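The structure under discussion appears below in the form of structure tokens.
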Amino acid sequence: MAKPIQVKLVRSPIGRPEKHRKVLKALGLTRLNKTVELYGTPGVVGAIKKVIHLVEVSER
């Protein structure tokens, strides 16, 4: 079973490629400092790796 992880948006997506903004929206990160709890499935981990420079990840 995948472990729960917390993902927090810490950098603004303004001025970033459209692809990055779509990934953030898919993860549920719509505002700065918003934290979402997700399961660390391969798809979620891959999406996080695409925008790792904009988010902060911690295990729960």
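Structure notes:
- Only Cα pairs under 8 Å and 6+ residues apart enter the sum, and on that basis the relative contact order of the chain stands at 55 percent.
- Estimated vicinal HN-Hα couplings, Hz - the range 12-27 in sequence order (Karplus 6.51, -1.76, 1.60; Gly, Pro = x): 6, x, 5, x, 8, x, 4, 4, 5, 5, 5, 5, 4, 5, 5, 7
- Proportion of all alpha-carbon pairs of the chain beyond 19 Å (%): 19 percent
- Residue (of LEU27, ILE5, SER58) at the positive-pole extreme of the chain, dipole from beta-carbon charges: LEU27
Where a number appears in this text, it was derived from the coordinates with a stated rule and is not lab data. What you are looking at is a predicted structure, and each value in this text was computed from that prediction instead of being measured. Positions of Cβ are backbone-derived with ideal geometry, glycine not excepted, and every protein chain shown enters the neighbour counts.
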